[in-house]
2 protein chains.
Amino acid sequence: MTAHDVAKAAGVSTGTVSRVINAHPAVAKDVRQKVLDAIDALGWQPNAVARSMRTASTRTIGCIFSDVRNPLYANIIQGAEQAFAENGYTLMVSSSGGDSSREAKLIQLFASRRADGLILSNADEDDAAIAAALRASNLPTVLVERDLPIEADSVGTDHRGGMRRAVEYLFSLGHERIALITGGRRTRAGRERVGGYLDAYEQAGKTPLPDMLRLESLSSDYAFSETQALLGMTVSPTAIIAGGNLMLAGVLRATQMMNVKIPDDLSIVCSGDTELAELATPSVTAIRWDLSAVGREAAKILINRLAGSIPSKPVRIEVANEIVLRKSCALVRRG
Amino acid sequence: MTAHDVAKAAGVSTGTVSRVINAHPAVAKDVRQKVLDAIDALGWQPNAVARSMRTASTRTIGCIFSDVRNPLYANIIQGAEQAFAENGYTLMVSSSGGDSSREAKLIQLFASRRADGLILSNADEDDAAIAAALRASNLPTVLVERDLPIEADSVGTDHRGGMRRAVEYLFSLGHERIALITGGRRTRAGRERVGGYLDAYEQAGKTPLPDMLRLESLSSDYAFSETQALLGMTVSPTAIIAGGNLMLAGVLRATQMMNVKIPDDLSIVCSGDTELAELATPSVTAIRWDLSAVGREAAKILINRLAGSIPSKPVRIEVANEIVLRKSCALVRRG
DNA sequence: TTGTATGCGTTATCAA
DNA sequence: TTGATAACGCATACAA
């Protein structure tokens, strides 16, 4: 079933069929109707592959994240998909498992599939192979929570400000020994979180104990083991910040196992709001932002960029965050 | 940059270039090397669109779920993606928002994009437009947790058995008034859950009170309002089963708000294990199964079907489930 | 073993 | 306003 069949059925040429489905103005009304009737009768749909071949556009966007199961990325994907779908784009998604070399391969894969653009949140900003693959692919790219040495648009949230306010809030409750468990040292998001933490200490004229910083991984398991280690110290933290939305689970597993009373013995704040934070007992104070909006903004930028309707200078969008006060934080115990 | 450029650089014809990248045996070793060198030097990658045009295969699979943010689907997608990626397939994902007419459009979209196959978990099995679109598309399809009047492979878990065992477990604790809050009446999964519940009652020679069944929606909000309604009844349930993995949050919101003591005042079981079930206080007994395996099995079936290595008769795979006993269930209070 | 030539189903250019 | 025709980049049948 091709445009040729439709043309024959409607008694016109394939060119006219093409003009009709592409809403070309120069088609007589009655001819147009004849073609539409034939399309209906035959149930023809244009072959998108052939169309892509001719137009050099697939209306397809490649998405690369470490893991689509992470609600952080699932929400971003959902927001992006909605905006893209409204504009006739389809999303190809892939999980890299946080493997940088796989990410480079995926960039090449999407390039060979002739995606029109890319949404990328890669594992390691310092891996030159990623930037190189991106440059070689020549694909318009929106980075999510990342910074790379290429000309690319980017979207993210203000992790630095959010973390600074979280620490300041804990200061206001009298906490001084605030542990930060997080990862992503080689990503903008990770660096900003640590930066915000240090900013708060510096502005308050305080110095954090170095062993309060646990910066090696964003995994739940890491949060679990580091929480145990922190709480086992002779000078242990009075508050823990879980800087990554998978980590609260690990912190809670550890505190439940060790029978630590929240917030009496320990205050907890997490970065990234989840149902777990809301419904845990006690509920957990969180740094929250609109994840769908991150995806939506990324999509909007890419759509506009592909339409040529924004200047070549890279665009940066920051989605605001806020602290949701719940019941996991209390005044630090004296003595 | 095309195969032509590579051919010129290597001093061969495009046919030879094609044979090299497709591992055709009839290529001399030295010629092969020359071509590989040229490919390397030029950094050429075959255009997948042109290749698809010629081979009538895109090595692309369309995925249609109600919402990729639902961990149920996110996990399935992840499992499927892994198996597909290993076989050179790329996933196109889309969320329908549970809108049947959008699902039909998505089926057509993926058909026009010439996906090689489909993974589908649609909202309403009774909507004839879905089956019609599927038949018209002629795409090999694997249904996930669904049954449709078409010849299609399917994957799912044993909801009937899982639910039956959950009810039997509650019987063993002395519960008689067990409420079931769930939805998906027009899906296999939903019907099986209700079937399992009724099976258990029948086998025990008991009859459930009709108002213990709340079967209108799988949403968290529905679970919230129905839990409130159930607990407000004069003859209220002593146990609630949340039959859908988004629903536990709604049940917990309601019980927390109403200050209901779990498990003293009420026992809870949920279908679909989550971090929330594990880490809530008390932890919640759950019907659990391997979600990635569901996606992986769906992918395997499709891969084999596309390779022509399975018989035309539809394949059905059932992933086993089990009940994880936690602390949300107790002996029913007498008096 | 290799090259040549054709066609996949569109869109777009050019002529009529 | 419409039709004929030439690409798009690859894979493959056929010829050599």
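Pairing each residue of region A:42-71 that is touching a residue at least 40 places away in the same chain (Cβ under 8 Å) with any residue that is part of a loop (DSSP other than H, G, I, E, B) and within 9 Å of DNA strand C (Cβ to nearest atom), provided the two are 6+ apart or on different chains, yields C-beta distances under 6 Å for A:Trp44/A:Met1. Only residues that are crowded, with 18+ Cβ neighbours inside 10 Å, more than 7 Å from DNA strand D (Cβ to nearest atom) and of a type in the set (A, V, I, L, M, F, W, C) were counted across region B:1-16, and they come to 4.
If we keep just the residues of region B:1-16 that are near DNA strand C (Cβ under 10 Å from one of its atoms) and among the β-branched types (Val, Ile, Thr), which is nearest to the other protein chains (Cβ to nearest Cβ)? Step by step, filter region B:1-16, then rank; the result is B:Thr14.
Name the single residue, out of those in region A:110-125 being charged (D, E, K, R) and closer than 12 Å to A:Gly62 by Cβ, that is farthest from the other protein chains (Cβ to nearest Cβ). Quick ask: steps written out before the conclusion?
In the first step, residues of region A:110-125 are kept if they are charged (D, E, K, R); the result is A:113-114, A:116, A:124-125.
Subset that is closer than 12 Å to A:Gly62 by Cβ: A:113-114, A:116.
On the way: A:Arg113: 4, A:Arg114: 5, A:Asp116: 11 Å.
So the residue we want is A:Asp116.
Take the conditions (1) out of contact with any Leu (no Cβ under 9 Å at 6 or more places or on another chain); (2) closer than 24 Å to A:Tyr222 by Cα; A:Thr255 misses just one of them, which is (1).
Using the structure shown, decide if B:Ala28 is more than 9 Å from DNA strand D (Cβ to nearest atom), farther than 27 Å from B:Ser137 by Cα, surrounded by fewer than 17 Cβ atoms within 10 Å (Cβ to Cβ) and more than 9 Å from chain A (Cβ to nearest Cβ). Break it down into steps so the answer makes sense when it comes.
Working: more than 9 Å from DNA strand D (Cβ to nearest atom): yes; farther than 27 Å from B:Ser137 by Cα: yes; surrounded by fewer than 17 Cβ atoms within 10 Å (Cβ to Cβ): yes; more than 9 Å from chain A (Cβ to nearest Cβ): yes.
So B:Ala28 fits the description; yes.
What are the residues in region A:119-155 that are at positive phi and either part of a helix (DSSP H, G or I) or touching a Lys or Arg at 6+ places or on another chain (Cβ under 9 Å) (or both), if any?
The one that is at positive phi and either part of a helix (DSSP H, G or I) or touching a Lys or Arg at 6+ places or on another chain (Cβ under 9 Å) (or both): A:Glu145.
Within the option set A:Glu202, A:Glu216, A:Glu192, being closer than 26 Å to A:Leu291 by Cα, of a type in the set (D, E, K, R), at pLDDT 95 or above and surrounded by fewer than 18 Cβ atoms within 10 Å (Cβ to Cβ) holds for one residue only, A:Glu216.
Please give the number of the condition A:Asp265 fails out of (1) more than 30 Å from A:Pro140 (Cα to Cα); (2) not assigned by TED's automatic domain parsing to the domain that holds A:Leu230. Exception for A:Asp265: condition (2). Out of all the residues in region B:59-72, is one or more at the interface with chain A (Cβ under 10 Å from one of its Cβ atoms) and aromatic (Phe, Trp, Tyr)? There is no residue in region B:59-72 that is at the interface with chain A (Cβ under 10 Å from one of its Cβ atoms) and aromatic (Phe, Trp, Tyr).
Among the residues of region B:279-311, write down those that are of a type in the set (Gly, Ala, Ser) and touching a residue at least 12 places away in the same chain (Cβ under 8 Å). Within region B:279-311, B:Ala280, B:Ser283, B:Ala286, B:Ser292, B:Ala293, B:Gly295, B:Ala298, B:Ala299 meet the criteria. A count restricted to region B:41-54 and to residues that are assigned to a helix (DSSP H, G or I) and either modelled with pLDDT under 95 or within 10 Å of chain A (Cβ to nearest Cβ) (or both) stands at 7. Among the residues making up region A:17-64, those that are within 12 Å of DNA strand C (Cβ to nearest atom), among the polar types (S, T, N, Q) and over 30 Å from A:Val144 (Cα atoms) are A:Ser18, A:Asn22, A:Gln45, A:Asn47.
Scanning for something outside the structural domain of B:Asp273 (by TED's automatic domain parsing) and within 16 Å of DNA strand C (Cβ to nearest atom), does region B:67-74 turn up at least one residue? No, region B:67-74 contains no residue that is outside the structural domain of B:Asp273 (by TED's automatic domain parsing) and within 16 Å of DNA strand C (Cβ to nearest atom). Here B:Leu91 passes the criteria (1) closer than 28 Å to A:Ile39 by Cα; (2) surrounded by 22 or more Cβ atoms within 10 Å (Cβ to Cβ) except the one numbered (1).
Criterion applied to A:Ala38, A:Ala23 was being away from chain B (no Cβ under 14 Å) and out of contact with any helix residue (DSSP H, G or I) (no Cβ under 9 Å at 6 or more places or on another chain), and the one residue passing it is A:Ala23. Restricting the first residue to region B:3-15 and requiring it to be closer than 13 Å to B:Leu36 by Cα, which pairs with a second residue that is at pLDDT 95 or above and within 6 Å of DNA strand C (Cβ to nearest atom) meet a Cβ separation below 6 Å and a spacing of at least six or different chains? Pairs found: B:Ala3/B:Thr14; B:Ala7/B:Ser13; B:Ala7/B:Thr14. What's the number of the only condition in (1) within 30 Å of A:Arg146 (Cβ to Cβ); (2) away from chain B (no Cβ under 14 Å) that A:Thr238 fails to meet? Every condition holds for A:Thr238 apart from (1). For the condition away from chain B (no Cβ under 14 Å) and more than 18 Å from the chain's Cα centre (by Cα), A:Leu143 does not qualify.
The criterion of at least 1 residues that are of a type in the set (Ser, Thr, Tyr) and buried (at least 18 other Cβ atoms within 10 Å of the Cβ) is met by the following strands (runs of 3 or more DSSP E) wholly inside region B:228-335: B:267-271, B:285-289.
Given the structure, is A:Gln33 within 16 Å of DNA strand D (Cβ to nearest atom) and more than 11 Å from chain B (Cβ to nearest Cβ)? Let's see the steps before the verdict.
Numbers: within 16 Å of DNA strand D (Cβ to nearest atom): yes; more than 11 Å from chain B (Cβ to nearest Cβ): yes.
Taking the combined requirement at face value, the residue satisfies it.
Considering region B:75-98, and only residues there that are at the interface with another protein chain (Cβ under 8 Å from one of its Cβ atoms), among the aliphatic types (A, V, I, L, M) and closer than 17 Å to B:Thr141 by Cα, the residue that is nearest to DNA strand C (Cβ to nearest atom) turns out to be B:Met92.
The values are calculated or read from the model by the stated rules, or taken from the named source; none is laboratory data. What you see is a predicted model; the values in this text were computed from it and never measured. Neighbour counts are summed over all protein chains in view; Cβ atoms, including those assigned to glycine, are modelled from backbone coordinates with ideal geometry.
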